[in-house]
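Visitor: My questions will all concern the structure given below.
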Amino acid sequence: LDVAGTAVTFSMLDAPAGSTVYNQTFDMTDTAELLDWRMYCFSPITPKTSLLVEDLPPYSTGRLTVSIAAATTASCGTLAVGNMVDSGEVQYGVKVGIIDYSRKETDAYGVTSVTERAYAKRLECELVVMNTAVDYVTQQLAAVRATPVVWIAGTQLNCLTAYGWARDWGVTIAYPNHSLMNLTIEGLT
């Protein structure tokens, strides 16, 4: 997350001095759809700022190397590696936004001053969870209640990924075979 670079290469060995089991380079060029000719001609080309790699092989003794190529300075804000937990099927209607910590103050004469500060991502979504998995999912969510993790509400848009914690969640046992879960994620600044 928060990557600055033109390409990112992931390479994994099966042990510290072992054989290569994964080697993949990802282009960070933004492939967003251009809306019109003006955008094509005059808008700056901005690279992707996040990358999800979901097919790393599970080696307990594996050694992962991540390299970022850039024209100037390469950087990475968060590199999170871990096991993925499927909490359920995210439904359409995900709400994406921010929590802005900037200060806006208006004095007695109506003059407003703004002090820009950091912001955090916010995701709100509803999931369908099979009733046979409700206990497992609630245990997993309770286990990471105070731990920042990467939350992925969808892979088609970068804004559907946040690094933070579950601010609020609840399950409604609504149907004989599946339940509905509301989940609110608050990102870190």
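The values are calculated or read from the model by the stated rules, or taken from the named source; none is laboratory data. Every value quoted in this text rests on a predicted model; they were computed, and no experiment measured them. Positions of Cβ are generated from backbone atoms using ideal geometry, with glycine treated the same way; all protein chains shown enter the neighbour counts.
Visitor: Could you tell me whether the stretch 43-53 includes any residue that is among the charged types (D, E, K, R) and at pLDDT 90 or above?
Guide: no
Here is a yes/no grid of residues against (1) surrounded by 10 or more Cβ atoms within 10 Å (Cβ to Cβ); (2) within 15 Å of Arg63 (Cβ to Cβ):
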site: Val8; (1), (2): yes, no
site: Met12; (1), (2): yes, yes
site: Val21; (1), (2): yes, yes
site: Phe26; (1), (2): yes, no
site: Ile45; (1), (2): no, no
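Visitor: Report yes if some residue within the stretch 71-78 is in a strand (DSSP E or B) and within 22 Å of Thr172 (Cα to Cα); otherwise report no. Break it down into steps so the answer makes sense when it comes.
Guide: Looking only at the stretch 71-78, we keep the residues that are in a strand (DSSP E or B), and these are 75-76.
Among the residues that remain, those that are also within 22 Å of Thr172 (Cα to Cα) are: none.
Checked against the condition, which is being in a strand (DSSP E or B) and within 22 Å of Thr172 (Cα to Cα), the stretch 71-78 yields no hits at all.
Yes/no matrix, rows are residues, columns are (1) surrounded by 12 or more Cβ atoms within 10 Å (Cβ to Cβ); (2) part of a loop (DSSP other than H, G, I, E, B):
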position: Leu52; (1), (2): yes, yes
position: Asp55; (1), (2): no, yes
position: Pro58; (1), (2): no, yes
position: Val96; (1), (2): yes, no
position: Ile99; (1), (2): yes, no
position: Val114; (1), (2): no, no
position: Leu123; (1), (2): yes, no
position: Leu127; (1), (2): yes, no
